[in-house]
Amino acid sequence: MVRSCRYSALSVTFSLRPTQLTMFNTASLLASSLFSPLAGVLGDRYHRGIIIAIGTLVWSAASALFGLSLTFSQAVAWIAISGVGTALVSPASSSILADMFPESSRGTAFGILFFISNVGSMAGGAWAINAANKDYGQLAGWRLTFFISAGLGLVTALFAFPGIWEPRRNAAAAGPAAVHDHVPAAARWHRPKWAEANKAALRIACDCWQVVRVPSFLVLLVEHVTDLTSGAGGFAVQYNQFLGFSDAGTSAIVLACGFGGAVGLILGGISGDLLARRFPIAARPLSNQISIALVMPLIYVGYKVMPGCSKYATGVSGTMDYLLWKYALLNFVLGALQSWCAANNSTIYAEVIPPQRRSLAYALDLCISGIVNACTIPVAGLAVERYGGHTATAAATAGGTGDDGSAPAPAVPPSDNLANARAIEDGLLLVILVSFGIKLFVYAMLYWTMPRDRLLEEEEEGAAPLPPLAPAPSAVELLRASSTQTGLLAALPTCPGLPPPPCSSKATAGNDVVASSC
């Protein structure tokens, strides 16, 4: 969000077109998606507080280096590395929250978490809009915003190392013993390292398959994949500037939308929890559909009916601030309604995925949907540039500055501002309405998938844990057991997750007949 609020300053500094501006979000999301499966595996096996702290440090360092970038390629590279830090933080934090709270209050817990996140994003975005186009001595304002963000991230990481509690009851499940499958140390000492690596890889592959095969997980994955609005945030900020709102007015609108989104996350979680008492299966998909159905007409009103749209606007900075309260109210309502889905989706994952694989589930979702969304982020830029006809690359306001801070950027003619505002209206309206229409249909599929998935999750969560594996039999034991086929198969080690070897219902032991342990 903070990065999108700097679109105008970045477009001037690096002379970027709309499609090039979306490359920042594309690079960050793609790197985060590719790294998230490993982050999920680490979160299921090691202390998640330490993983969150390391991810925050990586993000902070990359943000500071982004502020030092001199070329577009350098900036894209550093923003991609910051995505790796995001990948470490997101799955671990979501799984910790899912483990800490019971099913009856998870929606509210996720809503509060996302509320706090949105408040920070909202405050940072509002400040970035006002500071990005200014100079502070010899330092460009947008660079200063990245340096301050990096400093705040560093402080957060230092507090995260000792301050995050790991709610797992069995501490051994978060350590290296999980990778070794609790094999006794004496048996592990003589096993080759490649065998241990293969065993860990097999365990990870089995866990991934157990997550991906859940139908409700696939439905939510499709919903995330079909989201074409990922690149719309930065253009929404530019749109208000093109209409004629000042930087202060634009930041106020961003604050209203962000605060509405934060409130909506809590409302969405609470509404899902309340509806779940009456409709335990249909509550959260229904809540999401209500949210989308209410947002779609309001989006059209905001872009085509409001008195400040491109049809009635002036295109001169500061002249539209008299409509500020109307746009702030509309954006607050939009933010409060369209953010319900985030809290409910996170809760649905916790309801259909057992606790031991939740970090991996959040990571796989971030990976698969993130890779696809990274490719669809430029869709918003293409819609604005090709379908809408966006042409100008300069800042929307006359207060923009060059990279060296020595001379202000030239003012943009009001007619160009209005033409670009109209292009953003047409492009984003097309992308948002198509994406939301698909989501309405996709969420309906959860009515059929969630009953079975929740039943299986409850059965697996209540099942007794698998016993530790016995050491591999020696050659002498195998030879002794080779007298009968049943004895040979019984002496062979079994692999967790694979079916047991075939055997008869009875086995012979000397002259007696005893029941088989199979």
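The values are calculated or read from the model by the stated rules, or taken from the named source; none is laboratory data. All values derive from a computational prediction rather than experimental measurement. We place every Cβ from the backbone using ideal geometry, glycine too, and count neighbours over all the protein chains shown. Accessible surface is based on the protein model in full, side chains and every heavy atom, while ligands, DNA and RNA are left aside. Shrake-Rupley method; radii C 1.70, N 1.55, O 1.52, S 1.80 Å.
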Check your understanding: Arranged from highest to lowest average of other beta-carbon atoms within 10 Å per residue, in what order do the peptides 281-290, 150-159 appear?
Key -> 281-290, 150-159
**Study point:** Average accessible area per residue (Å²) across segment 198-266 - probe 1.4 Å, nucleic acids and ligands excluded
**Key:** 31 Å²
Check your understanding: Over all pairs of distinct alpha carbons, what does the Kirkwood formula give as the hydrodynamic radius of segment 250-336, in Å?
Key -> 14.4 Å
Check your understanding: For segment 312-368, with every protein chain kept in place, what is the accessible area per residue (1.4 Å probe, Å²)?
Key -> 33 Å²
**Study point:** Radius 14 Å from Cβ of Ser105, net charge of other residues (Lys, Arg +1; Asp, Glu -1)
**Key:** -1
Check your understanding: If you count, for each residue, the other Cβ atoms within 10 Å and average over each peptide, how do 449-455, 34-40 line up from highest to lowest?
Key -> 34-40, 449-455
Point to revise | Accessible carbon and sulfur surface of segment 249-382 relative to its total accessible area, %, 1.4 Å | key: 75 percent
Exercise for review: Please sort by residue number the trypsin sites (Lys or Arg not before Pro) in segment 203-281 whose DSSP state is loop and whose Cβ has at most 16 other Cβ atoms within 10 Å.
Suggested key: Arg213
**Study point:** Carbon and sulfur %, accessible surface of segment 49-124 computed with the full protein complex present, 1.4 Å
**Key:** 78 percent
Exercise for review: Please tell me the relative contact order of segment 270-348 in percent, rounded to the nearest whole number, where contacts are Cα pairs under 8 Å and at least six residues apart.
Suggested key: 42 percent
Review point. Can you tell me the accessible area per residue over segment 43-86, all protein chains present, probe 1.4 angstrom, in square angstrom?
Key: 37 Å²
